[in-house]
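Peer 1: Quick one: this structure, given as structure tokens, is what I'll be asking you about.
The values are calculated or read from the model by the stated rules, or taken from the named source; none is laboratory data. From a predicted model like this one, the values you see are computed outputs, not experimental measurements. Cβ coordinates were reconstructed from backbone atoms using ideal geometry, including for glycine residues, and neighbour counts include every protein chain displayed. Areas reflect the complete protein model, heavy atoms only, side chains present, ligands, DNA and RNA absent. Shrake-Rupley method; radii C 1.70, N 1.55, O 1.52, S 1.80 Å.
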Amino acid sequence: MQPSTPPFDERLTAPRSWWLIALLIGIACALMLLPLGGLPLLAGLVGGTALSAVAVSSYGSARIRVVSGALVAGDARIPVTALGEAEVLEGEEARAWRTYKADTRAFMLLRSYIPTAVRVPVTDPQDPTPYVYLSTREPRALAAALEAGRP
């Protein structure tokens, strides 16, 4: 028996330009070590590029999934039954909820390079979190998956 595929699964990968920046950081590290000789230059290039690439990769490794009746966003796992109706946010409205409309008690998995998001109220009276804010490239698909995950 095959396990069912999750109705929504997204990795919030970093933009391609960030990988170019990681390479440029490696080149900068190499140039700093240029006066010490060829071997340190090579070590700076490899080490600087590798460290900056690890940083970019780890920042872009956040995932959002709706699986087994739960929303899994980063380290959080929230039952879909404890969530209200998802609100799709685009453009200025998404920026507003990231900044001046934001509640400090909210759970936010945001990436500034993703312009769209979903805001879902938490309806569990035991949970002090008012809502969940998730940056996503596919907000309508996430909202549909959350709705489909309800009993």
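Peer 1: Leaving out ligands, DNA and RNA, and with a 1.4 Å probe, what % of the accessible surface on the chain is carbon or sulfur?
Peer 2: Numbers: 5520 of 8870 Å².
Carbon and sulfur: 62 percent of the exposed surface of the chain.
Peer 1: Enter the per residue convex hull volume of the chain, computed from alpha-carbon coordinates, in Å³ rounded to the nearest integer. Walk me through the numbers before you get to the answer.
Peer 2: On the way: hull volume 22.9 nm³, N = 151.
Output value, Cα hull per residue: 152 Å³.
Peer 1: Now for a separate question. Can you give me the solvent accessible area of F8 with a 1.4 Å probe, rounded to the nearest 10 Å²?
Peer 2: Counting only protein heavy atoms, the figure is 10 Å².
Peer 1: Suppose all protein chains stay in the model; what accessible area per residue would a 1.4 Å probe give for the chain, in Å²? Mind dumping the intermediate values first?
Peer 2: Working: 8870 Å² over 151 residues.
On a per-residue basis, 59 Å².
Peer 1: With only alpha-carbon atoms in the gyration tensor, what are the semi-axes of the equivalent ellipsoid for the range 84-151, in Å, largest first?
Peer 2: Values: eigenvalues 69, 54, 13 Å².
Listed largest to smallest, the semi-axes of the range 84-151 are 19, 16, 8 Å.
Peer 1: Would you please put 135-145, 96-106 in order of how densely packed they are, using the mean number of other Cβ atoms within 10 angstrom per residue and starting with the highest? All intermediate terms of the calculation are to be shown ahead of the outcome.
Peer 2: Details: 135-145: 19.4, 96-106: 12.2.
The packing order, highest mean first, is 135-145, 96-106.
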